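Please read the structure below before turning to the comments.
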Amino acid sequence: AIAVIDFGSQYTHLIARRVRELEVYSEIIPATAGRERIAHLNARGIILSGGPASVYDAGAPAIADWVLQSNIPVLGICYGMQAMVHQLGGTVTPGDAREYGHADLRVAESSSRLLAGVGASAPVWMSHGDRVERLPEGMATLARTDNSDCAAVSDGQQWFGLQFHPEVQHTPDGMTILRNFVREICGCSGSWTAGNFVADTVARVKEQVGSDRVICGLSGGVDSSVAAALLHQAVGSQLTCIFVNNGLLRHGEAEEVQETFNENMGMDLRYIDASDRFLDGLRGVTDPETKRKTIGNEFIRVFEDAAAEIENVRWLAQGTLYPDVIESETPENRASARIKSHHNVGGLPERMNFSLVEPLRYLFKDEVRAVGLELGLPEEIIYRQPFPGPGLAIRIIGEVTPERVELLRDCDRIVLEEIHDAGLYRDIWQSFAVLTDNRTVGVMGDYRTYGYACAIRAVNSEDAMTADWVRLPYDVLARVSNRIVNEVDGVNRVVYDITSKPPGTIEWE
Ligand code: XMP
């Protein structure tokens, strides 16, 4: 495995993901952690991430002594390289100009193990202020750019440094360089595959859970579906899944979950239709955060009631993913203001006194998908667009009534049908309809209509933190608009939301 030491770069996750794409397991370790933190990893190499600091800043994060004293190869990237040079006795100076973006790498030492396979000149992506002025003894330059004599450096043995970012797409040879480091220099073999993960995890979960009963809340989304399928593979009939229909789901969703898990996989699935409870609770509520709280609290009550009917449960399985784990580990780097309260099932484990099984705790999203395919889950579930826990309620501006849920569900179904038919579904992060509380005048036949305006939203995103609206083809928009106005009685106008995030958010509420 490879330990990725995090100095706060926005690309740290990406480094870990790239290493795993090379079929080598990697884990992100906070810069302040002690040696014991990597004891379980059997690390054959260490990568030091970039970061926003300058080595001369007061309180700049330093490379821990145990890393400097380790005898395994270390690759410093950007700040990681500067910190390495600085702490090994070289000189780093504040740059006059920030170098940001594209640069041309000229390879000086073509026989180096790190840059093997990279052409004499290669585009790379830079993002730094300081630069390396003098190398520590024993280290030499492997490649230069116009701005930097030390764009790639090494002592040929243990220490390797890159001023640019090999992990980003804008460095086309980046994967070659990372492969050289991980596979050739560190000697890691490629055993991190979905198949091996499933085999290992099934064995581990079996041992952890023994003959106890496990429950799992199934939402129909990718994460909980894959967690449930994995648990089912491990403990079979000891697992009971609970699926709550909150009355705020998309068209056909409840049926699809039952078909997949109950009929096709033979899982013990408790389907609970609590639509009335949720819709009753939402009566008169218009504030977005109050909607979320109402739905979140109701979910906990419904789930608890359902769980109480299953005897001898000791474990609760959850589809927690690695980005959430990393997030909670490094609050100082990644703290952010709370715009919306997203995690509405967070209260479950403490209240219910179960132990947690989190089989996806160390996986990134794309790995979860690969594991799901390995487990034989249908592609409709694996590649499903994210859908918020509060469901259609936060896409209905104003009060959520059963009639308005029906209106939105119809509009939304049409949007998705057309997106599917145009072959665009998988290329879009999220696409959906929003029911506004604006009524507008229209004309149909010779009659005046007065109906709701429906908004269409389609965005692309990597991680939901930022997003851009999708340039949907006009003919797709035209079909969506035409069908909604004709087929959904009560909606007489369709608009397309062309706001990116920021400044907008993905959902309207
Ligand atoms: P925003 O609207 O904040 O959404 O740009 C970012 C991502 O989070 C989803 N979202 C939610 N998910 N409960 C959830 O489980 C929520 O209350 C919630 N609000 C937003 C949204 O769909 C998008 O993917």
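The values are calculated or read from the model by the stated rules, or taken from the named source; none is laboratory data. For clarity, every value in this text was computed on a predicted model and none was experimentally measured. Methodologically, a virtual Cβ is constructed for each residue, glycine included, from the backbone with ideal geometry; neighbour enumeration extends over all protein chains shown.
Counting the residues of segment 131-180 that are surrounded by 24 or more Cβ atoms within 10 Å (Cβ to Cβ) and of a type in the set (A, V, I, L, M, F, W, C) gives 12.
Restricting the search to segment 216-225, which residues are aliphatic (A, V, I, L, M) and either outside the structural domain of ASN264 (by TED's automatic domain parsing) or over 17 Å from GLY266 (Cβ atoms) (or both)?
Matches in segment 216-225: VAL222 only.
Candidates in segment 181-194 are the residues that are surrounded by 20 or more Cβ atoms within 10 Å (Cβ to Cβ) and not aromatic (Phe, Trp, Tyr); of these, the one that is nearest to ASN71 (Cα to Cα) is CYS186.
Selection of segment 189-226 for residues being more than 20 Å from PHE303 (Cα to Cα), assigned to a loop (DSSP other than H, G, I, E, B) and small (Gly, Ala, Ser) yields SER189, GLY190, SER191, GLY210, SER211. Checked against the criteria, GLN10 counts as assigned to a loop (DSSP other than H, G, I, E, B) and either touching a strand residue (DSSP E or B) at 6+ places or on another chain (Cβ under 7 Å) or surrounded by fewer than 18 Cβ atoms within 10 Å (Cβ to Cβ) (or both).
One residue stands out in segment 29-88 among those that are of a type in the set (Gly, Ala, Ser) and assigned to a helix (DSSP H, G or I): the one that is surrounded by the most Cβ atoms within 10 Å (Cβ to Cβ), namely GLY80.
Quick check on my filter: what residues within segment 473-508 are under 30 Å from the mean Cα position of the chain (by Cα) and charged (D, E, K, R)? ASP497, LYS501, GLU507 - these are the residues of segment 473-508 that are under 30 Å from the mean Cα position of the chain (by Cα) and charged (D, E, K, R).
Screening segment 242-314 for helices (runs of 4 or more DSSP H) wholly inside it with 1 or more residues that are in contact with a Gly (Cβ under 8 Å, 6 or more places away or on another chain) and over 18 Å from VAL400 (Cβ atoms) returns the ranges 253-257, 288-308. In summary, strands (runs of 3 or more DSSP E) completely within segment 424-509 and bearing 2 or more residues that are assigned by TED's automatic domain parsing to the domain that holds ARG409, within 16 Å of the ligand (Cβ to nearest atom) and surrounded by 14 or more Cβ atoms within 10 Å (Cβ to Cβ) occur at 430-444, 447-460. Being surrounded by 16 or more Cβ atoms within 10 Å (Cβ to Cβ) and either charged (D, E, K, R) or in contact with a Phe, Trp or Tyr (Cβ under 6 Å, 6 or more places away or on another chain) (or both) holds for only one residue in PHE197, PHE261, PHE278, PHE243, and it is PHE243. Within the group GLY45, GLY59, GLY101, which residue is at pLDDT 95 or above and assigned by TED's automatic domain parsing to the domain that holds GLY156? Selected residue: GLY45, the only one of GLY45, GLY59, GLY101 that is at pLDDT 95 or above and assigned by TED's automatic domain parsing to the domain that holds GLY156.
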